[in-house]
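The structure appears right after this line, and notes come after that.
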Amino acid sequence: MSIILLPLTGAVIGWITNVLAIRLLFRPQKPLRLWPIPINVQGLIPRRRTELAVSIGEIVAQELFNVDELINRLNLPELQKEMENLVKRTVEEWCNNKMSRFPVSIRTYCSSRLRDWVAEEVAKQFPIMAEGVFSHMQQQVDVSAVVAEKVNALSLSEVEELILRVSRRELKQIEWLGAVLGFIIGLLQLLVI
């Protein structure tokens, strides 16, 4: 009976221990004071949430996504063409509104000349304008701070669900590894006895 009982008990204890350890990463969400022991008990993630949010933000900004990468992935010739078309439409609408008193032939001629001239100038200046905009983006957008702010804005339940959704399989493997290790320890106890 003890041949089966010791390894089985070890497996159950190992599994339960790992299940509890995983749950205690998230719980309790609010600090609990254990009386008479003068310590506050709180899950790792709720206790260090702000630090974790900052660390996640730094990792995302340095390793996964940053403004420089975004700029490098933009198709500048396509943006330049879109900007040119937008300017043409805008100038044409402006001319039609402001020159409504003129005859259609004069209005059309002036509108097309002004439209083409302004669009051409904007297209020439676009690389310089884009560089200025991107430079301001790099100075003003702190990806790390944005990510940290978003993580901190999530409720603790949402953070828990997000982590569990991403790593559910690995956490289950950790639980079962506890059962396997407990089983092996139970077998070793049998050998010692």
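The values are calculated or read from the model by the stated rules, or taken from the named source; none is laboratory data. These figures come from a predicted structure and were not determined experimentally. Glycine gets a Cβ as well: all are built from the backbone with ideal geometry, and neighbour counts include every protein chain shown.
Here are the numbers:
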| read-out | value |
| --- | --- |
| Those residues of the range 93-134 which are loosely packed, with under 14 Cβ neighbours inside 10 Å, of a type in the set (Lys, Arg) and within 17 Å of LYS81 (Cβ to Cβ), in sequence order | LYS124 |
| Residue in the range 27-48 that is surrounded by the fewest Cβ atoms within 10 Å (Cβ to Cβ), counting only those that are in contact with a Leu (Cβ under 7 Å, 6 or more places away or on another chain) and in a helix (DSSP H, G or I) | LEU44 |
| Verdict on MET83 being of a type in the set (A, V, I, L, M), surrounded by 12 or more Cβ atoms within 10 Å (Cβ to Cβ) and in contact (Cβ under 8 Å) with a residue 40 or more places away in the chain | yes |
| Any hit, the range 57-80, residues being outside any helix (DSSP H, G or I), surrounded by 14 or more Cβ atoms within 10 Å (Cβ to Cβ) and not aromatic (Phe, Trp, Tyr) | yes |
| Scope the range 162-193; condition in contact (Cβ under 8 Å) with a residue 40 or more places away in the chain, over 25 Å from the mean Cα position of the chain (by Cα) and within 30 Å of ASN152 (Cα to Cα); matching residues | ILE174, GLU175 |
| Lone qualifier among ILE106, ILE185, ILE174 - being in contact with a Gly (Cβ under 7 Å, 6 or more places away or on another chain) and either in a helix (DSSP H, G or I) or modelled with pLDDT under 90 (or both) | ILE185 |
